[in-house]
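Visitor: Shown below is the structure under consideration.
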Amino acid sequence: MPIPTISFAPIFGKDDVSRARVVAQVRDACLKYGFFQLVDHGVPQDLFEEMIKQSASFFSLPEDLKERYKQDKFQRGYERLRAQNFEKRTAGDLKEGYYFGADLPLDHPRVVAGKFNMGPNKYPKEVTDPVKFKETMDTYYSTMLSLSKTILQVLCETMEISNEWMTEFLDIPIATLRLLHYPPQAPDASEFERGIGQHTDFGAVTILLQDEVGGLQVWDRDASAWIDATPQKGALVINLGNLMMRWTNDRYLSNLHRVINKSGKQRYSVPFFLAGNPDFLVKCFPKCADEIEGPKYPPVTVQRWMEGRYADTYNTSQDKALGELSQSEAKAGMA
């Protein structure tokens, strides 16, 4: 059974009955899959097409030119092929990427304080149209940030909780835009070859634009099988991250997914990862806590959570996985 497709048209309308129906659909998707495809979201198709076009213009550059923009300490710029390795059964994931975030100057307080993923963007000059490239990236980033606020509002409604926390959570959030290019896998590649290995996302919510090639697969727990997230023109794939699962005391699902590109074609996708204000303290929503046992996880700041998850992914972690922190460790100041 495919992941559900949900229209947000009623969310932008005035019919309370229709809105409640959408909220119920989102709740069901969060409980079962942690994924859904979103249509009627208000983002124009021509912006999607321009994003894919501009992404391809960068990844088509020679490797030496791309390396001029290699990823820096602010998590901005180019990430080479096979830099990540989620399943750790091959030489690395068969993809390359380019990172953007909030474009903050070096003297911004968040940058000076060394907050995770905070700093200036890098815009390549060698692409076909550098001005159009920057304009497109900046427009798409702000558009996704706005849409993510709407999605969070709907998630609040699914749990019947206040949205007052959103103001602090969205104050200059860690929000990462990535351009991704997946070369086609060789016909004789290892059975373990992946565009990206199975994983869950780190943050709160991910909004994914994918081209028509396909290859994204989501784990269906009920069927114990991988199902395709088949591309739909104009649709965005929405999924919850580990932070949201933790926040809801595991009520909502941060689900496994992967990419296998056996199409013989170049695949492009553009995920937008929302993690939140680095200083925001994520603690279980009161309505999600078990009445007897309470929350499963101790509070943790967005900053500490994201630093730990990135360290795990890039094999630089010297700490216990943050998801395994005990209440005693939290009280000792680890969280």
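Visitor: On the basis of being aliphatic (A, V, I, L, M), more than 16 Å from the chain's Cα centre (by Cα) and closer than 19 Å to Ala83 by Cβ, does Ile172 make the cut? Give the steps one after another, and end with the answer.
Guide: Numbers: aliphatic (A, V, I, L, M): yes; more than 16 Å from the chain's Cα centre (by Cα): yes; closer than 19 Å to Ala83 by Cβ: no.
So Ile172 does not fit the description; no.
Visitor: What's the total number of residues in segment 245-292 that are within 30 Å of Phe58 (Cβ to Cβ) and of a type outside the set (A, V, I, L, M, F, W, C)?
Guide: Of the residues in segment 245-292, 17 are within 30 Å of Phe58 (Cβ to Cβ) and of a type outside the set (A, V, I, L, M, F, W, C).
Visitor: Let me ask something additional. Counting residues that are within 25 Å of Cys30 (Cα to Cα), which helices (runs of 4 or more DSSP H) fully inside segment 98-208 reach at least 3?
Guide: Here the list reads 130-159, 166-169.
Visitor: Report yes if Lys88 is at positive phi and either of a type in the set (Val, Ile, Thr) or part of a loop (DSSP other than H, G, I, E, B) (or both), otherwise no.
Guide: yes
Visitor: Just the residues that are hydroxyl-bearing (Ser, Thr, Tyr) and under 19 Å from the mean Cα position of the chain (by Cα), please, taken from segment 137-158. Break it down into steps so the answer makes sense when it comes.
Guide: Taking segment 137-158 and keeping what is hydroxyl-bearing (Ser, Thr, Tyr), we get 139-143, 146, 148, 150, 158.
Matches in segment 137-158: Thr139, Tyr140, Tyr141, Ser142, Thr143, Ser146, Ser148, Thr150.
Visitor: Which residue, of Pro183, Pro271, is touching a residue at least 12 places away in the same chain (Cβ under 8 Å), under 20 Å from Lys88 (Cα atoms) and in contact with a Leu (Cβ under 9 Å, 6 or more places away or on another chain)? Talk me through it step by step, then tell me what you get.
Guide: Working: Pro271 fails: under 20 Å from Lys88 (Cα atoms).
Answer to the check: Pro183.
Visitor: Could you identify the single residue in Asp46, Asp103, Asp72, Asp138 that is among the acidic types (Asp, Glu), surrounded by fewer than 20 Cβ atoms within 10 Å (Cβ to Cβ) and over 21 Å from Ala275 (Cβ atoms)?
Guide: Exactly one of Asp46, Asp103, Asp72, Asp138 is among the acidic types (Asp, Glu), surrounded by fewer than 20 Cβ atoms within 10 Å (Cβ to Cβ) and over 21 Å from Ala275 (Cβ atoms), namely Asp46.
Per-residue answers, yes or no, for (1) modelled with pLDDT under 95; (2) more than 27 Å from Ile172 (Cα to Cα):
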| site | (1), (2) |
| --- | --- |
| Arg258 | no, yes |
| Lys262 | no, yes |
| Val270 | no, no |
| Ala275 | no, no |
| Pro278 | no, no |
| Leu281 | no, no |
| Pro286 | yes, no |
| Lys296 | no, yes |
| Gln303 | no, no |
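Visitor: Could I ask something else about it? Any chance segment 223-236 includes a residue that's modelled with pLDDT of 95 or more, in a strand (DSSP E or B) and within 24 Å of Leu152 (Cα to Cα)?
Guide: The answer is yes, given that some residue of segment 223-236 is modelled with pLDDT of 95 or more, in a strand (DSSP E or B) and within 24 Å of Leu152 (Cα to Cα).
Visitor: Sticking with this structure for a sec: Out of (1) free of Cβ contacts under 8 Å to residues at least 12 places away in the same chain; (2) touching a strand residue (DSSP E or B) at 6+ places or on another chain (Cβ under 9 Å), the odd one out for Ser224 is which?
Guide: Ser224 satisfies every listed condition except (2).
Visitor: For residues that are touching a Phe, Trp or Tyr at 6+ places or on another chain (Cβ under 9 Å) and in a strand (DSSP E or B), scanning just segment 209-222, find the one that is nearest to Arg76 (Cα to Cα).
Guide: Leu209
Visitor: Kindly list, by first and then second residue, each pair from a residue in segment 200-214 that is in contact (Cβ under 8 Å) with a residue 12 or more places away in the chain and surrounded by fewer than 23 Cβ atoms within 10 Å (Cβ to Cβ) to a residue that is of a type in the set (Ser, Thr, Tyr) and assigned to a loop (DSSP other than H, G, I, E, B), limited to pairs with Cβ atoms under 7 Å and residues at least 6 apart or on different chains.
Guide: Thr200/Ser254; Val213/Ser263; Gly214/Thr230; Gly214/Ser263
Visitor: Looking at (1) at pLDDT 95 or above; (2) out of contact with any Gly (no Cβ under 9 Å at 6 or more places or on another chain), which is the one condition that is false for Asp72?
Guide: Of (1) at pLDDT 95 or above; (2) out of contact with any Gly (no Cβ under 9 Å at 6 or more places or on another chain), only one is false for Asp72: (2).
Visitor: Filter segment 274-304 down to the residues that are in a loop (DSSP other than H, G, I, E, B), without any contact (Cβ under 8 Å) to a residue 12 or more places away in the chain and not hydrophobic (A, V, I, L, M, F, W, C) and list them by number.
Guide: Glu291, Glu293
Visitor: Residue check: is Met159 over 19 Å from Gln54 (Cα atoms) and either buried (at least 21 other Cβ atoms within 10 Å of the Cβ) or modelled with pLDDT of 95 or more (or both)?
Guide: The answer is yes for Met159.
The values are calculated or read from the model by the stated rules, or taken from the named source; none is laboratory data. The structure displayed is predicted, hence computed values, not measured ones. Note that each Cβ is placed from the backbone with ideal geometry, even for glycine, and that neighbours are counted across all protein chains shown.
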